[in-house]
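Engineer: I have a structure I would like to understand better, so I am pasting it below and will then ask my questions one at a time.
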Amino acid sequence: MTAIAVVNAVVCVAICARLLMFRRDGARHRHRPWACWLAYALILASAWAGLEGFTGRATVGPGALVINLFLCIAVFRSRGNVCDVLRRPQPYR
């Protein structure tokens, strides 16, 4: 088990935990079924990657770690809202 695999596992578990703790109370948008399914898929994929990383079965390169870090930052900045992660930024006025 390499250090990159352990860090990637921690990042993936953080993504999974933040998506699981999303509360719709403060969401500004209506209910979108595709966003629910996308969040569900991201939760399953990140949990699986974290589990594989902690058991030592995953072979993770630096590129995958960087991608997961950026995804983790985006998920935490949007407070777990998948729609906000995918939204285009508004232009400055």
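Engineer: Check whether at least one residue in segment 16-36 is at pLDDT 90 or above and either in contact with a Cys (Cβ under 7 Å, 6 or more places away or on another chain) or part of a loop (DSSP other than H, G, I, E, B) (or both), and report yes or no. Step through it out loud before you land on a result.
Structural biologist: Of segment 16-36, the ones at pLDDT 90 or above are 16-21.
Applying the additional criterion that residues be either in contact with a Cys (Cβ under 7 Å, 6 or more places away or on another chain) or part of a loop (DSSP other than H, G, I, E, B) (or both) yields 21.
Within segment 16-36, one or more residues are at pLDDT 90 or above and either in contact with a Cys (Cβ under 7 Å, 6 or more places away or on another chain) or part of a loop (DSSP other than H, G, I, E, B) (or both).
Engineer: Please go through segment 56-93 and give me each residue that is of a type outside the set (A, V, I, L, M), outside any helix (DSSP H, G or I) and either touching a residue at least 12 places away in the same chain (Cβ under 8 Å) or in contact with a Ser or Thr (Cβ under 9 Å, 6 or more places away or on another chain) (or both), ordered by number.
Structural biologist: Start the filter on segment 56-93 by keeping residues that are of a type outside the set (A, V, I, L, M), which leaves 56-57, 59, 61-63, 68, 70, 72, 76-81, 83-84, 87-93.
Cutting the leftovers down to outside any helix (DSSP H, G or I) gives us 56-57, 59, 61, 78-81, 87-93.
Within segment 56-93, GLY56, THR59, GLY61, ARG79, GLY80, ASN81, ARG87 qualify.
Engineer: Could you look through segment 1-55, keep only residues that are among the polar types (S, T, N, Q) and without any contact (Cβ under 8 Å) to a residue 40 or more places away in the chain, and pick out the one that is farthest from LEU69 (Cα to Cα)?
Structural biologist: THR55
Engineer: Hey, among the residues in segment 51-93 that are basic (Lys, Arg) and under 20 Å from VAL10 (Cα atoms), which one's surrounded by the most Cβ atoms within 10 Å (Cβ to Cβ)?
Structural biologist: In this case the residue turns out to be ARG79.
Engineer: Please go through segment 29-40 and give me each residue that is more than 15 Å from ALA14 (Cα to Cα) and of a type outside the set (Phe, Trp, Tyr), ordered by number.
Structural biologist: HIS29, ARG30, HIS31, ARG32, PRO33, ALA35, CYS36, LEU38
Engineer: Residue check: is ARG23 under 16 Å from the mean Cα position of the chain (by Cα) and buried (at least 17 other Cβ atoms within 10 Å of the Cβ)?
Structural biologist: Values: under 16 Å from the mean Cα position of the chain (by Cα): yes; buried (at least 17 other Cβ atoms within 10 Å of the Cβ): no.
Criteria not met by ARG23.
The values are calculated or read from the model by the stated rules, or taken from the named source; none is laboratory data. None of the values given here were measured: they were computed from a predicted structure. All Cβ positions, glycine included, derive from the backbone under ideal geometry; neighbour counts span all protein chains shown.
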